[in-house]
Amino acid sequence: MSRLKNKIAIITGGSRGIGRAIVARFLAEGATVVTAARSEPETSWPRTPQLQWLQADVSKAVDVEDLFATAERAGGVDILVNNAGLQLERTIEHTSEEEWDRVMAVNLKSVFLCSRAAIPAMRRRGGGSIVNIGSYDGFVADPNLAAYCASKGGVHALSRAVAVDHGRDGIRCNAICPGWIETDMLEAYYRSLPDPAAARARIAQIHPAGRTGRPEDIANLALWLASDEAAFVTGQLFTADGGLTAQAPQPR
């Protein structure tokens, strides 16, 4: 497969979950990938000359500069996937200023910093694609996720602003808005409940698709948005939630 042949992609938060699935999908389609995360990669990380990994905090400008310098040494930047994310289970009443700032830094400021760095790099390559990982919680609100919901709403708005401002540079920008996806974050939520197995079954059944999502579901959509097949698609928010937000009322 070669839908991303000769393309260079930066993927943040690539060490596990959705980010790891996107890394694997892009590599399989011929891309050179530079990825960064705060945590060390798992031992099963794919070993290939087409992949470079950096330990970095993309909410910090200096780390973003290092990340893009690495990509430039590989040849430039054609694709950026802003996937780094942090979830905090708090109501707004019980969220401290420090917690609010950290969620906004990881979920929204990192998108700003990486997108700002990507635009001139992509312009030099004749254009590119930015894919932001938002959330269905940017449209609706699950309980006890006030800062997270606010940050993802910001990601959605920024995605559209980048698309409008830089479309004539050949730069597209879209956001994927996942629902319940089988990641470490979701597993931690299940483990916090009295009966994790019952919770898994209940959550699966509230979805019209009859299941929760897999990281590969999001990776497949990211691949299409990053590829030339989506050349006329920009400024859009793609909800991938197994039909959850299509139903009314939504059972819980």
Task: the range 201-252 - charge dipole about Cα centre, Lys and Arg +1 at Cβ, Asp and Glu -1, debye rounded to 20 - done: 420 debye
- [ ] As a check on your grasp of the helix formula, calculate [θ] at 222 nm for the chain: sum -39500 (n - 2.57) over DSSP H runs of n ≥ 4, divide by the residue count, round to the nearest 500.
- [x] -12500 deg cm²/dmol
Task: Taking the range 57-115 and dividing mean pair separation by its residue count, relative contact order in percent (alpha carbons under 8 Å, at least six apart) - done: 54 percent
- [ ] For the chain, calculate the relative contact order in percent as a whole number, restricting contacts to Cα pairs under 8 Å that are 6 or more residues apart.
- [x] 19 percent
Task: Net charge dipole size for the chain [Lys, Arg +1 and Asp, Glu -1 on Cβ; Debye, nearest 20] - done: 680 debye
Task: Principal-axis tilt of helix 61-74 within the chain, Cα atoms, nearest 10 degrees - done: 50 degrees
Task: Dipole of the chain [Lys/Arg +1, Asp/Glu -1 at C-beta], most positive-end residue of His156, Phe232, Leu88 - done: Phe232
Task: Relative contact order of the range 14-117, defined on C-alpha pairs under 8 angstrom at six or more residues apart (%) - done: 25 percent
Task: Given (i) 19.7; (ii) 18.3; (iii) 17.7, the label whose value is Kirkwood radius over Cα pairs in Å derived from this model - done: (ii)
Task: Shape call, the range 1-78: gyration tensor on alpha carbons, a/c limit 1.5 - done: oblate
- [ ] Quick one: which residues, 5+ away or cross-chain, put their amide H under 5 Å from the amide H of Ile11? H built at 1.01 Å from N.
- [x] Val34, Thr35, Ala36, Val81
Task: Environment charge at Gly30 (Cβ cut-off 10 Å; Lys +1, Arg +1, Asp -1, Glu -1) - done: +2
TODO: On a 0 to 90° scale, report how tilted helix 196-205 is relative to the longest principal axis of the chain, with both axes built from alpha carbons and the result rounded to the nearest 10.
DONE: 80 degrees
TODO: Return Val64, Val81 ranked ascending by Cβ neighbour count within 10 Å, so the fewest neighbours appear first.
DONE: Val64, Val81
Open item on the list: Between Glu187, Glu65, Glu29, where does the largest GNM mean-square fluctuation fall for the chain, given springs only between Cα atoms within less than 10 Å?
Closed with: Glu187
TODO: Could you state the angle between the C-alpha long axis of helix 215-226 and the longest principal axis of the C-alpha atoms of the chain, as a value from 0 to 90 degrees rounded to the nearest 10?
DONE: 40 degrees
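Every number in this text was worked out from the coordinates using simple rules, so none of it is lab data. Keep in mind it's a predicted model, so treat the numbers as computed, not measured. Ideal geometry is used to build each Cβ from the backbone, glycine not excepted, and the neighbour counts take in all protein chains shown.
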